[in-house]
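*Asks:* Sharing a structure here in structure tokens format.
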Amino acid sequence: MFENLQDRLGSILNGLTGRGALSEADVSAALREVRRALLEADVALDVVRSFTDRVREKAVGAEILKSIKPGQMVVKIVHDELIEMLGGEGVGVDLHAAAPVVIMMVGLQGSGKTTTSAKIAHRLTTREKKKVLIASLDTRRPAAQEQLRQLGAQANIDTLPVISGQSPTDIAARAVQAAKLGGHDVVILDTAGRTHIDEPLMVEMADIKKRSNPHEILLVADSLTGQDAVNLARSFDERVGITGLVLTRMDGDGRGGAALSMRAVTGKPIKLIGVGEKMSELEEFHPRRIADRILGMGDIVSLVERAAENIDAEKAAAMAAKMAKGKFDLDDLADQLRQMQKMGGMGGIMGMMPGMAGMKDKMAAAGLDDKLFGRQIAIIQSMTKAERTNPDLLKHSRKKRIAAGSGTDAAAINKLLKMHRQMADMMKMMGGKGKGGMMKQMMGGLAGKMGLGGGMGGMGGGMPDLSNIDPRQLEALQKQAEAAGLGKPGGGMPGLGGMPGGLSGLGGAKLPGLGGGFPGLPGLPKKK
């Protein structure tokens, strides 16, 4: 979402940090470029103007600390103002009210209200252990109520039975009553949308609000909307009174202006963002983490959290036991590749690592994209059980059969086998340490650098148990990491060899693959 803005701001600010001293003219020239970059990203003009004015005011009169170069001070000021523009601290969905807590979803047609309603219900059910009822108030769009019923069945969430002929306000009152009788903690009302804002829509929203007395009114907006999103947010806030925003399609290739503008214009927090189509792909919005990503500082906290959610504890424990015996076969390699896919692939992982934004372009130029994982897994799946356990069986005739079965060629199979041999050798060296697999080791290294010690359920160290860690505690650790130099743009992370060369140092051992850096990806040229 923010890649274009990240590239533009990154190059502008890198030009400043390289200088020993900055004049007022230097700051003005840089801010002119920042202003242009924000406008090109579709940020509202008045938001851009107030942002650059605040940065200039602080940058020109800033006291430069002896240990910090003036350019780095400007980067810090831009970073702080970006966090402020995005809302300061992250705010979640507020459930502090008498049950059932009513959440009313509003927005235009096609913004993703119905899917987002189901995603929020799924999130509250799985994470907060709440009993949720969802009700569709959309009587105009054909099959809207049926769509919500199917999404509810898919996620195992209660939905309000449909009674034909009822008005949206009557359905809202019935949903609240049904939630009280059914002992539900939360009731989510999915209201009707329009292709544009009109008077009947606003009157209907006001009537529903009066009948259901919602505790939260969340405006669902498509983050690809651009400038129009600001007018949309302002209109709904004036007429209905929203308490927060949910931005959908944040995984798209839009320019990110809506996210930066809507919070500043309405003063209402962005509470959640949709980052994919799956039920689980809804995340809390953390202004500091988004600002870090925009300025190329990475997002270690989210990466560690994502690893905690996606790394299978049982599989990791079994892997640790095998590694203790010095065993690592092709089935184990396939499991490791699938774990990396679950975490968002190479692009997703790289985007969250400090100083790694430029690495993605190098990988793309070398032909290393996330499709490579799929091809490697396909090769392994085309082998027999005996071949996966003992790769030495793979002679010419067998490779020919596997190539035909996986749609690849002998060269790709040879590369995979070479990579497996490198990793198997590394695993043997680590055999006695029981590290639990490269993904766990890598994440454990990151967590260690942030001061997150301890093991995960007795898995032999490495990955921390994040289930009991408060998000605020994680944010504090992120700040500690920045103070330790983990979040400097272009500075990389300690122990990572200046970043572009590779990722050795994340967990102690040098991982094979990216020119002595990242596991599972052979063939990236080494730095000359």
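*Asks:* In the stretch 359-387, how many are modelled with pLDDT under 90, among the charged types (D, E, K, R) and farther than 18 Å from Gln341 by Cβ?
*Replies:* 2
*Asks:* Just the residues that are open to solvent by 60 Å² or more (accessible area, probe 1.4 Å) and part of a helix (DSSP H, G or I), please, taken from the stretch 151-198.
*Replies:* Ala153, Gln154, Asp170, Gln177, Lys180, Leu181 - these are the residues of the stretch 151-198 that are open to solvent by 60 Å² or more (accessible area, probe 1.4 Å) and part of a helix (DSSP H, G or I).
*Asks:* In the stretch 199-213, which residues are surrounded by 16 or more Cβ atoms within 10 Å (Cβ to Cβ) and either touching a residue at least 60 places away in the same chain (Cβ under 8 Å) or outside any helix (DSSP H, G or I) (or both)?
*Replies:* Correct list: Met205, Ile208, Lys209, Ser212.
*Asks:* Lys342 versus (1) at pLDDT 70 or above; (2) in contact with an Asp or Glu (Cβ under 9 Å, 6 or more places away or on another chain); (3) over 24 Å from Arg375 (Cα atoms): which is the lone unmet condition?
*Replies:* Of the numbered conditions (1) at pLDDT 70 or above; (2) in contact with an Asp or Glu (Cβ under 9 Å, 6 or more places away or on another chain); (3) over 24 Å from Arg375 (Cα atoms), the odd one out for Lys342 is (3).
*Asks:* Looking at the stretch 27-38, I want the residues that are under 11 Å from Ala59 (Cα atoms) and at pLDDT 85 or above and have a partner that is small (Gly, Ala, Ser) and open to solvent by 10 Å² or more (accessible area, probe 1.4 Å) with Cβ atoms under 8 Å, at least 6 apart or on another chain. Which pairs are those?
*Replies:* Listed pairs, sorted by first residue: Leu31/Ala59.
*Asks:* Looking for whichever is farther than 21 Å from Phe236 by Cβ and in a strand (DSSP E or B) here; the options are Leu38, Leu82, Leu133, Leu124. Which one fits? Full working, then the answer.
*Replies:* Numbers: Leu38 fails: in a strand (DSSP E or B); Leu82 fails: in a strand (DSSP E or B); Leu124 fails: in a strand (DSSP E or B).
Residue meeting the stated conditions: Leu133.
*Asks:* Just checking, which of Leu282, Leu218, Leu260 is crowded, with 22+ Cβ neighbours inside 10 Å and modelled with pLDDT of 80 or more?
*Replies:* Criteria check complete, one pass: Leu218.
*Asks:* Note down all Cβ pairs under 9 Å where the first residue falls in the stretch 228-244 and is among the basic types (Lys, Arg), the second is open to solvent by 10 Å² or more (accessible area, probe 1.4 Å), and they're at least six residues apart or on different chains.
*Replies:* Going by the 9 Å Cβ cut-off, the qualifying pairs are Arg234/Val265; Arg234/Thr266; Arg239/Ile197; Arg239/Val203; Arg239/Ala206.
The values are calculated or read from the model by the stated rules, or taken from the named source; none is laboratory data. Predicted model only: the values in this text are computed from it and were never measured. Glycine also receives a Cβ, built like all others from the backbone with ideal geometry; neighbour counts cover every protein chain displayed. Side chains are part of the model used for accessible areas, which takes the heavy atoms of the whole protein and leaves out ligands, DNA and RNA. Shrake-Rupley method; radii C 1.70, N 1.55, O 1.52, S 1.80 Å.
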